[in-house]
1. Between a first residue in the range 82-104 that is within 12 Å of V59 (Cα to Cα) and a second residue that is open to solvent by 20 Å² or more (accessible area, probe 1.4 Å) and acidic (D, E), which pairs have beta carbons less than 6 Å apart while being 6 or more apart in sequence or on different chains?
2. Looking only at the range 31-76, filter to residues that are of a type in the set (K, R) and assigned to a loop (DSSP other than H, G, I, E, B); which one of those is modelled with the lowest pLDDT?
3. When the range 105-116 is examined, which residues are found to be part of a loop (DSSP other than H, G, I, E, B) and in contact (Cβ under 8 Å) with a residue 24 or more places away in the chain?
4. Output the residue which, of all residues in the range 101-130 that are open to solvent by 60 Å² or more (accessible area, probe 1.4 Å) and within 20 Å of the chain's Cα centre (by Cα), is farthest from D172 (Cα to Cα).
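The values are calculated or read from the model by the stated rules, or taken from the named source; none is laboratory data. Source: prediction; values computed, not measured. Cβ placement follows ideal geometry from the backbone for every residue including glycine, while neighbour counts extend to all protein chains displayed. To get the accessible areas, we keep the full protein, side chains included, count just its heavy atoms, and leave off ligands, DNA and RNA. Shrake-Rupley method; radii C 1.70, N 1.55, O 1.52, S 1.80 Å.
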Amino acid sequence: MTTGEGEIVSRGQLVSEDGGRVIVRRSLPTEPAVRASESLFLTEAARQGVRAGRRMLYVGAEAAAPDVAAALRVEPGADVLARRKLLLAGDVPVRVATSYLRLDLFGGTPLSEPGFVTPSLQAGIEALGHRFGRAEEHLVARPPAGAEAATLELGPGEWVVRILRASYAADDTPIHVLETVCAASRHVFPIVQIAGADEF
């Protein structure tokens, strides 16, 4: 099965025709030119010459895990709005990305409806009167939990990298938490210093 110029899919991995593994890049922090795009992942992948796809897995209320709750400043286990999607390079799953939003701010808005938000989730948040100010990102490598191994089609012993990005408005209101669970063997994470206001 081909995924692009000189790439094939083999046992859930992207490999080049000469046998080298194809890696998807995920910059930390996200470059400003990418942040305002329709999809961070689609834009990143296109710049890397990778054919990308995405599929919405879930939109609805979900109990907040302790670190998500802390970032959103709600009680652990409180319901928050979750928007979960699977991201693919070629036909290979590489990331599960879940946006978490406070229900008191975003419940009953277009952001709580099924499907993708157009032109982008960021634009949808800003259309409701919120302006992005700063963000914090935490990256942890760990074994897969729950359904992550099956969803990402990981082999035995493969790990994931989990990135939790909390974004705050200019008045310090927490407006978005993005949890990205990446197949560790399919990613590289360039880290650069970027000046300017935060967006995602």
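1. Pairs that qualify, where the first residue is within 12 Å of V59 (Cα to Cα) and the partner is open to solvent by 20 Å² or more (accessible area, probe 1.4 Å) and acidic (D, E), are A82/E62; T98/E179.
2. R51
3. Passing the criteria: G107, E113, P114, G115, F116.
4. P114
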